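The values are calculated or read from the model by the stated rules, or taken from the named source; none is laboratory data. Note that the structure is predicted; figures quoted are calculated from it, not measured. In this analysis, Cβ positions are derived from the backbone assuming ideal geometry, glycine residues included, and neighbour counts consider all displayed protein chains.
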């Protein structure tokens with residue numbers, strides 16, 4: 001019997017793009033074609049949580065502190081995934097042999113607190129590059145190997161409003177408010193992280209909030225990109241760390257009370273907008 005690990009396609013699209021009239025075609029390489037108004041505009045890799053998928057397929061996932069990532073091993077082959085590095089190799093665990101380094105179109109990222117996400121295409125390589133190892137079809141990701149059937153729920157839940165998002169979580173969190181910024185989407189990730197999209201004059205900005213304290217992560221943005229510029233700014237007495245390019249902010253992180261907060265805008269936004277959103281973050 002084949003092992004089927006299924007994840008809803010929304011797992012990736014909610015984290016990757018905000019485009020009108022999205023549609024996705026069936027592919028077998030771990031990516032989906034995004035179409036806007038009937039025209040294909042790009043392909044995006046499907047990201048899946050590393051540990052539950054790997055363990056469902058019989059792999060072990062370990063981290064020894066020697067790298068910002070994890071080692072995945074099933075006693076036959078293994079790989080090491082490094083946060084922020086879109087470069088992978090798969091090595092034999094029983095003989096001398098290793099694949100040439102390859103890219104999957106996305107680097108491993110901490111998309112939820114304590115959870116590394118990787119392109120699902122990595123499992124296609126780990127499972128011997130079989131044509132039927134990975135398929136994206138009918139709104140689901142299916143990974144096939146030998147064994148029993150396993151179903152993994154989609155950790156991302158969409159909500160109709162901020163009120164619904166708050167009701168779905170067992171922790172309270174502050175929410176940014178600023179002139180010209182309108183909330184357009186509400187999500188939670190595995191019940192551990194709140195995510196809100198804002199429509200602004202400078203493009204879509206994604207806000208995240210999660211529990212902090214106890215020496216846990218101070219960056220929940222899920223963006224491990226190494227940007228050429230970084231610094232700090234102060235917004236209404238709050239110290240904000242930012243990273244970006246060309247004098248624009250792509251990621252901003254800060255702590256409000258016991259909550260870790262972040263803003264992410266891949267296109268880059270002004271520091272003035274960051275300051276306005278952080279200053280307007282209210283419980």
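The criterion of being assigned to a strand (DSSP E or B), touching a residue at least 12 places away in the same chain (Cβ under 8 Å) and touching a helix residue (DSSP H, G or I) at 6+ places or on another chain (Cβ under 9 Å) holds for residue 249.
To keep it simple, each residue is scored yes or no on (1) touching a residue at least 40 places away in the same chain (Cβ under 8 Å); (2) touching a helix residue (DSSP H, G or I) at 6+ places or on another chain (Cβ under 8 Å).
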residue	(1), (2)
171	yes, no
175	yes, yes
188	no, yes
258	yes, no
265	yes, no
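Counting just the residues of region 170-182 that are under 20 Å from residue 212 (Cα atoms) and in contact with a strand residue (DSSP E or B) (Cβ under 6 Å, 6 or more places away or on another chain), which one comes out modelled with the lowest pLDDT? The residue in question is 171.
Tell me yes or no: at least one residue of region 233-249 is in contact with a strand residue (DSSP E or B) (Cβ under 6 Å, 6 or more places away or on another chain), at pLDDT below 90 and surrounded by 19 or more Cβ atoms within 10 Å (Cβ to Cβ). Looking for residues that are in contact with a strand residue (DSSP E or B) (Cβ under 6 Å, 6 or more places away or on another chain), at pLDDT below 90 and surrounded by 19 or more Cβ atoms within 10 Å (Cβ to Cβ), one finds none in region 233-249, hence no.
Yes/no matrix, rows are residues, columns are (1) within 21 Å of the chain's Cα centre (by Cα); (2) within 19 Å of residue 269 (Cα to Cα); (3) in the same structural domain as residue 48 (by TED's automatic domain parsing):
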| site | (1), (2), (3) |
| --- | --- |
| 174 | no, no, no |
| 188 | yes, no, no |
| 206 | yes, yes, no |
| 223 | yes, yes, no |
| 227 | yes, yes, no |
| 233 | no, yes, no |
| 240 | no, yes, no |
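So how many residues does region 269-283 have that are surrounded by fewer than 17 Cβ atoms within 10 Å (Cβ to Cβ) and not in a helix (DSSP H, G or I)? Give the derivation first.
The first filter runs over region 269-283 and keeps only residues surrounded by fewer than 17 Cβ atoms within 10 Å (Cβ to Cβ), leaving 270, 272, 280, 282-283.
Next cut, not in a helix (DSSP H, G or I) only: 270, 280, 282-283.
The total comes to 4.
With the structure loaded, tell me whether residue 178 is assigned to a loop (DSSP other than H, G, I, E, B) and not assigned by TED's automatic domain parsing to the domain that holds residue 106 or whether it fails that test. Walk me through it before giving the result.
Working: assigned to a loop (DSSP other than H, G, I, E, B): yes; not assigned by TED's automatic domain parsing to the domain that holds residue 106: yes.
Yes, satisfied.
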